[in-house]
1. Under the condition of being farther than 26 Å from GLN83 by Cβ and of a type in the set (A, V, I, L, M, F, W, C), which residue from the stretch 1-37 is surrounded by the fewest Cβ atoms within 10 Å (Cβ to Cβ)?
2. ARG93: within 15 Å of the chain's Cα centre (by Cα), part of a helix (DSSP H, G or I) and over 18 Å from SER80 (Cα atoms), yes or no?
3. Take residues that are among the hydroxyl-bearing types (Ser, Thr, Tyr) and either closer than 18 Å to ILE84 by Cα or free of Cβ contacts under 8 Å to residues at least 24 places away in the same chain (or both) and tell me which of the helices (runs of 4 or more DSSP H) falling wholly in the stretch 105-151 contain 1 or more.
4. Return the residues of the stretch 96-120 that are more than 19 Å from ARG132 (Cα to Cα) and modelled with pLDDT under 90; say none if nothing qualifies.
Amino acid sequence: MKCPHCGSEEDKVVDSRAVRDGRAVRRRRECLTCEERFTTYEAVETQPVLVVKRSGERMAYHREKVILGVTKACEKRPVSLEQIEIIVDRVERNLARAGRREVPSESIGMYVLEQLRDVDEVAYVRFASVYRSFQNINEFFALLNDLRGEDGDK
């Protein structure tokens, strides 16, 4: 492992711990040349997943895009970056369990919604407004009524 500070390949591991629900290992390393510390992650390599967009276009799944979408929904909300990482970890676990090589983007959005509902209701509504593509205000109100536990007829 090359040191990002000086480029040396000599380092020692000073701490290791499981992250992402045990699916990865975080290692703190110290360069033996410049003594700077840096972090690396080790994870099991998984089969690539293609996301099928509404248009039919297929794109590689990128964790960063899901994190960005959830982060935008959680803007100015009391949701930590650690909670966002946990949400995305759970989404990826659901994707792995499904075992499909191609996943509709709507499925990923629904996995995110399942997780957000329990974390922050405002972030849930923000995210739902994008992924459910409401056609009118009544669909939006139906979501809010469902969130409140009402039947939507009130």
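1. VAL14
2. It is true that ARG93 is within 15 Å of the chain's Cα centre (by Cα), part of a helix (DSSP H, G or I) and over 18 Å from SER80 (Cα atoms).
3. Where helices (runs of 4 or more DSSP H) fall fully within the stretch 105-151 and carry at least 1 residues being among the hydroxyl-bearing types (Ser, Thr, Tyr) and either closer than 18 Å to ILE84 by Cα or free of Cβ contacts under 8 Å to residues at least 24 places away in the same chain (or both), they are 105-119, 121-131.
4. Scanning the stretch 96-120 gives ALA96, ARG97, ALA98, GLY99, ARG100, ARG101.
A quick yes/no check of all residues on (1) closer than 22 Å to LYS72 by Cα; (2) surrounded by 14 or more Cβ atoms within 10 Å (Cβ to Cβ); (3) assigned by TED's automatic domain parsing to the domain that holds HIS62:
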{"site": "GLY99", "(1), (2), (3)": "no, no, yes"}
{"site": "SER105", "(1), (2), (3)": "yes, yes, yes"}
{"site": "ILE108", "(1), (2), (3)": "yes, yes, yes"}
{"site": "VAL112", "(1), (2), (3)": "yes, yes, yes"}
{"site": "ARG117", "(1), (2), (3)": "yes, yes, yes"}
{"site": "GLU121", "(1), (2), (3)": "yes, yes, yes"}
{"site": "TYR124", "(1), (2), (3)": "yes, yes, yes"}
{"site": "SER133", "(1), (2), (3)": "yes, no, yes"}
{"site": "LEU143", "(1), (2), (3)": "yes, yes, yes"}
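The values are calculated or read from the model by the stated rules, or taken from the named source; none is laboratory data. Just so it is clear, the structure is predicted and the values come from calculations on it, not from any experiment. A quick note on method: Cβ atoms are made from the backbone with ideal geometry, for glycine too, and the neighbour counts reach across all protein chains shown.
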